[in-house]
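K.L.:
Before I ask anything, here is the structure I am working with.
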Amino acid sequence: QQKVQQSPESLSVPEGGMASLNCTSSDRNFQYFWWYRQHSGEGPKALMSIFSDGDKKEGRFTAHLNKASLHVSLHIRDSQPSDSALYFCAASEPSGTYQRFGTGTKLQVVP
Amino acid sequence: EAAVTQSPRNKVTVTGGNVTLSCRQTNSHNYMYWYRQDTGHGLRLIHYSYGAGNLQIGDVPDGYKATRTTQEDFFLLLELASPSQTSLYFCASSGTGGAYAEQFFGPGTRLTVL
């Protein structure tokens, strides 16, 4: 069973547009989240973490966490072709030893 | 930035063959992880370790063994490879924060089992 679910599976946005990615945990114990980005042919790289309710902004990237619904989103404003990648949400396991990853959202930014 | 290297980068073997995937991190991280990546499944945790000699089972351990020989080195062993183990394998490491710390990934090993 997939405890961390992401939507949509794929997303296409125009250059300069806003991309919105979603992630939900089905286990209330997994309340701390990371976002990772993977460009083709590379390993994933961390974008940002969010552990508290509300928004966290880092440059063009904003994460929003709602612990009550176990929902986290990632918003990318002014999307660039270089943002085209596979984005993973990961939830931290409560004992603190590993992260559980979702299935990913493939983002394509069209010039 | 944390450095994680993997070898080989590509490997082809036959069903029933033995394969060892290697991972080294040079940042004195406590935690190391092995994942497989498959379309539609994302990244799935195979085994992980929080120090030399320690080994923990992940979500998809069947058919895999792992060994952490030093703080730096973590190996994934497939003793009787099967076509279902054809996949892209990633190693990662993280510091003392464990699940709450950033994971640093290697470049991956593409394994094909014929």
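The values are calculated or read from the model by the stated rules, or taken from the named source; none is laboratory data. Worth saying up front: this structure is predicted, and the values here are computed from it rather than measured. No Cβ is skipped: glycine too gets one built from the backbone with ideal geometry, and neighbour counts run over all protein chains shown. The area values use the complete protein model at the heavy-atom level, side chains included, leaving out ligands, DNA and RNA. Shrake-Rupley method; radii C 1.70, N 1.55, O 1.52, S 1.80 Å.
K.L.:
Treat chain B as a sphere of radius equal to its Kirkwood radius over Cα pairs and apply Stokes-Einstein at 10 °C in a medium of 1.306 mPa s; give the translational diffusion coefficient in µm²/s, rounded to a whole number. The partial results should precede the final answer.
P.N.:
Details: Rh = 13.9 Å.
In µm²/s, the coefficient rounds to 114.
K.L.:
Place a +1 charge on the Cβ of each Lys and Arg in the protein assembly as shown and a -1 charge on the Cβ of each Asp and Glu, then give the dipole magnitude about the Cα centre in debye, rounded to the nearest 20.
P.N.:
Values: 19 positive and 18 negative charges, 28 e Å.
In debye, rounded to 20, the protein assembly as shown gives about 140.
K.L.:
A further question follows. Of A:T97, A:H71, A:G43, which is farthest towards the positive pole of chain A's charge dipole, taken about the Cα centre with +1 and -1 on the beta-carbons of Lys, Arg and Asp, Glu respectively?
P.N.:
So the residue we want is A:T97.
K.L.:
Output the Cα-based Rg and Dmax of region A:9-90 in Å, rounding Rg to one decimal and Dmax to a whole number.
P.N.:
Considering region A:9-90 through its Cα atoms, Rg and Dmax are 12.6, 37 Å.
K.L.:
Would you mind checking the pairs A:K56/B:K11; A:K45/B:K65; A:K67/B:K11 and listing those with alpha carbons more than 32 angstrom apart? Provide the component values of the computation, followed by the final result.
P.N.:
Details: A:K56/B:K11 41 Å; A:K45/B:K65 26 Å; A:K67/B:K11 42 Å.
Cα-Cα > 32 Å for A:K56/B:K11; A:K67/B:K11; rest within.
K.L.:
Could you sort the peptides A:51-61, A:36-46, A:12-22 by per-residue average Cβ neighbour count (10 Å cutoff), highest mean leading? Numbers along the way, then the final one.
P.N.:
Values: A:51-61: 12.4, A:36-46: 17.0, A:12-22: 15.2.
Output ranking for A:51-61, A:36-46, A:12-22: A:36-46, A:12-22, A:51-61.
K.L.:
Computed over the Cα atoms, what is the radius of gyration of the protein assembly as shown divided by 2.2 N^0.38 Å, N being its residue count? Kindly include the intermediate steps, with their values, before the conclusion.
P.N.:
Values: Rg = 17.4 Å, N = 225, 2.2 N^0.38 = 17.2 Å.
Relative to the 2.2 N^0.38 Å estimate, the protein assembly as shown comes out at 1.01.
K.L.:
Taking θ = phi - 60°, what integer Hz values does the Karplus form 6.51 cos²θ - 1.76 cosθ + 1.60 yield along region B:70-78, in sequence order, with x for Gly and Pro?
P.N.:
9, 4, 8, 10, 9, 10, 10, 10, 10
K.L.:
Once phi is turned into ³J(HN,Hα) by the Karplus curve 6.51 cos²θ - 1.76 cosθ + 1.60 with θ = phi - 60°, what whole-Hz value does each residue of region A:53-69 show in order, with x for glycine and proline?
P.N.:
Values per residue, Gly and Pro as x: 4, x, 9, 9, 10, 9, x, 7, 9, 10, 9, 10, 10, 10, 5, 4, 9 Hz.
K.L.:
Quick one: 3J(HN,Hα) in Hz for region B:46-63, Karplus 6.51/-1.76/1.60 with θ = phi - 60°, rounded, Gly and Pro as x.
P.N.:
9, 9, 8, 8, 10, x, 4, x, 9, 8, 10, 8, x, 7, 10, x, 4, x
K.L.:
In whole percent, and with a 1.4 Å probe on the protein chains, what portion of the accessible area of the protein assembly as shown is carbon and sulfur?
P.N.:
On the way: 4860 of 9980 Å².
Carbon and sulfur together cover 49 percent of it.
K.L.:
Is there a quick way to get the dipole size of region B:33-83? I mean about its Cα centre, with the Cβ of Lys and Arg at +1 and of Asp and Glu at -1; what is the value in debye to the nearest 20? Before the final figure, lay out each step's value.
P.N.:
Values: 4 positive and 6 negative charges, 9 e Å.
Dipole of region B:33-83, to the nearest 20 debye: 40 debye.
K.L.:
Give the accessible area for B:L55 in Å² (nearest 10); use a 1.4 Å probe, count only protein heavy atoms, and leave out ligands, DNA and RNA.
P.N.:
Around 80 Å² of this residue is reachable by solvent.
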